[in-house]
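A short write-up of the structure that comes next.
No lab work stands behind these numbers, since they all come straight from the coordinates. Keep in mind the model is a prediction, meaning the values are calculated, not measured. Neighbour counts are summed over all protein chains in view; Cβ atoms, including those assigned to glycine, are modelled from backbone coordinates with ideal geometry.
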Amino acid sequence: MENNISILGSTGSIGTQALDVVRAVNNEDIKVWGITGNNNIDLLEKQALEFKPKIVAVMDEEKSIELKKRLKSENIKVMGGMEGLIEVATMNEVQTVLTSVVGNIGLQPTIEAIKSNKDIALANKETLVSAGQLVMNLAKEKGIKILPVDSEHSAIFQCIQGKQDNEIYKILLTASGGRFRGKTVDELKNVTVEEALQHPNWVMGKKITIDSSTLMNKGLEVIEAVWLFGVDVSQVQVVVHPQSIIHSAVEFDDGSIIAQMGAPDMRLPIQYALMYPMRKNLNFKRLDLIKQGTLTFEEPDMKTFKCLDLAFRAIKEGGTMPAVLNASNEIAVERFLNKEISFLQIPEFIEKAMNEHSVIHNYNLNDVLSADKWAREFVYNQSV
C-alpha cells in the first residue's frame, strides 16, 4: 500500500536521507507530495525536479520568490513562510508528515498536521520537548500515530511492538557519549566549533551534532521518551554506549530486556517510520556482530555535561520549563556556532534562563510560544 508523504525539512540531514529511502523503494511504496526547506533553494529545486511534489515551501520568503521563478515551467506550487509549511503539512493527499525541520519552528505545522488527521513521522524532537502534553493529547483525540524517527525512540518503539500488555519497567536510552566523552571540565574550556562538529559515529546537521557533544540531545530525548511512551522520568535511564550499535532497550516488569540493534544509519529508523508496520530490504548497510566485536556501556557524566542534568530538571519541573530549556539551548548553540560564546557557556546560559523562568503548569500553545520567545531573547541578550 502506497504511503503518500510530505517532508518538512527535506534539505536537512534527515530530509535528504528520507529521500534516499524513497529512491530505494523506487517510488513504489512512498510518494512525495510536498517538501519544505529553509533557504537552500538550489537543493530544493533539484529535489522538486526529481520527485515532482505538488507543493514546495521555503521558510525564507525572498528565496521562495526566487524558487518560484526557477520552477515556473513545472506544475509545482511554491509557497513561502510558515503559511507554506502548514500548507505542506495539511495537504489532502498526504497520510504521513515527516517533520524533520530543526528547532521549535516545527511545532505549529506539526500541530496543524495532527488536526488534519495526518500520522506524524517525528524527527523534530523539539515539538514534544516544548509541548509534549498538548501534542500527545491532540494525537490521542484525533486517533493518529506518532511514529518516532530518532534512532533511540524508533528502537524503543520497535522493542514494545506486540507487547502492549506488558508494563515498561525502565527505558534504557543509549547515548554515544558524543565527541568529548571522558573529557573533564578543564579540557572542555577551549573547545572549538570545528572540534565539536566532529561526531564519532553519526553524520548529522550542525545543531544536533553540537547537542550531541553537550549531551543536550540526550536530554531532549529523555523528555521526548516520557511523552512518547507514557512513562515517568524516573523510568528513563541514560546509558553511554560508544559503539552506537544498541540504539536503545526496554526492560519489562519481569526483568527481561529487549534491545534493538543495527548499523548506525539513520535511513533505517526513517524507513521503519515511513513504511510501518512493513519492513523491506533496501540494501542499506547491515550489522555484522562478529566484525563489531565488543559492546561497552558506561554511566553518563552529568557533572561535566550539565545539559543532560538540566534536561532531567526541566521535565521534573514540567509545564513550560522544557520549552525554556529547548529555546535557550537553540540560541546558546547558535551563539556558539557563531563563535560568540564558549562551549561551557551553553549550559551556563540555559541554566540562567531556567532559574529566571516562572513555570506555567496548565499551559496552552500561546503559553509555550511566549515562553519560547522569552527564553530566546533572554539568552540572546546575555553578555559574554
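Across region 134-282, Cα pairs under 8 Å and at least six residues apart give a relative contact order of 36 percent. Taking K and R as +1 and D and E as -1, what net charge do the other residues with C-beta under 14 Å from the C-beta of residue 279 add up to? That works out to +2. Extension gain, residue 28 to residue 2, is 8.7 nm, computed as 0.36 nm per intervening residue step minus the present C-alpha separation. The smallest convex shape that holds all Cα atoms of region 1-82, its convex hull, gives 78 Å³ per residue.
Computed from backbone phi with θ = phi - 60° and the Karplus coefficients 6.51, -1.76 and 1.60, the 3J(HN,Hα) list for region 40-49 is 7, 6, 5, 5, 4, 4, 4, 5, 5, 5 Hz; x is used for glycine and proline.
Can you give the helix-only mean residue ellipticity at 222 nm for the chain, where every DSSP H stretch with n ≥ 4 adds -39500 (n - 2.57) and the sum goes over all residues, rounded to the nearest 500 deg cm²/dmol? Calculated mean residue ellipticity at 222 nm is -14000 deg cm²/dmol. Dipole orientation for the chain: of the candidates 353, 205, 226, 205 has the Cα lying most toward the positive pole (charges on Cβ; Lys, Arg +1; Asp, Glu -1). When you filter the trypsin sites (Lys or Arg not before Pro) in region 222-292 for DSSP loop state and at most 11 other Cβ atoms inside 10 Å of their Cβ, you are left with 279, 285, 286.
For the chain, the share of alpha carbon pairs falling in successive 10 Å distance bins from zero is 5, 24, 34, 27, 10, 1, 0 percent.
Per residue, the convex hull around the alpha carbon atoms of region 208-350 comes to 161 Å³. Note on residue 66/residue 254: beta-carbon distance plugged into 1/(1 + (r/R0)^6) with R0 of 56 Å gives a FRET efficiency of 0.40. Positive contributions from Lys and Arg (+1) and negative ones from Asp and Glu (-1), summed over other residues with Cβ under 13 Å from the Cβ of residue 54, come out at 0.
How high is the relative contact order of the chain? Use alpha-carbon pairs under 8 Å, at least six apart in sequence, and give a whole percent.
The normalised contact order for the chain reaches 15 percent.
What number comes out for the charge environment of residue 242, summing +1 per Lys or Arg and -1 per Asp or Glu over other residues with Cβ under 10 Å away? Taking every Cβ under 10 Å from that of residue 242, the sum is 0. Checking the table 31/291; 77/125; 68/140; 46/373; 52/206 against a 32 Å threshold on Cα-Cα, which pairs fail? Over 32 Å apart, Cα to Cα: 31/291; 68/140; 46/373. Over region 286-379, the fraction of Cα-Cα pairs per 10 Å bin, rounded to whole percents and listed from the shortest bin up, is 16, 39, 22, 14, 9, 1. Of all DSSP bridge pairs formed entirely within the chain, close to 25 percent run antiparallel.
Calculated FRET efficiency, residue 73 and residue 93, Cβ-Cβ r, R0 35 Å, to nearest 0.05?
Step by step, r from the Cβ atoms, then E = 0.95.
Between residue 338 and residue 296, the contour length at 0.36 nm per residue exceeds the Cα-Cα span by 11.6 nm.
Each peptide among 13-21, 249-257 gets the average number of other Cβ atoms lying within 10 Å of its residues, and from highest to lowest they stand as 13-21, 249-257. Full extension of the chain segment joining residue 283 with residue 145 gains 47.0 nm, where the gain is 0.36 nm per residue of separation less the Cα-Cα distance. Sequentially through region 125-137, phi angles give Karplus couplings (6.51, -1.76, 1.60; θ = phi - 60°) of 5, 4, 4, 6, 5, 6, 9, x, 5, 4, 5, 5, 5 Hz, Gly and Pro residues having no value and appearing as x. Mean separation of Cα pairs under 8 Å and 6 or more residues apart, divided by the residue count, gives region 100-174 a relative contact order of 28 percent.
Only Lys, Arg, Asp and Glu carry charge here, each on its Cβ (+1 for the first two, -1 for the last two); on that basis the chain has a dipole of about 820 debye about its Cα centre.
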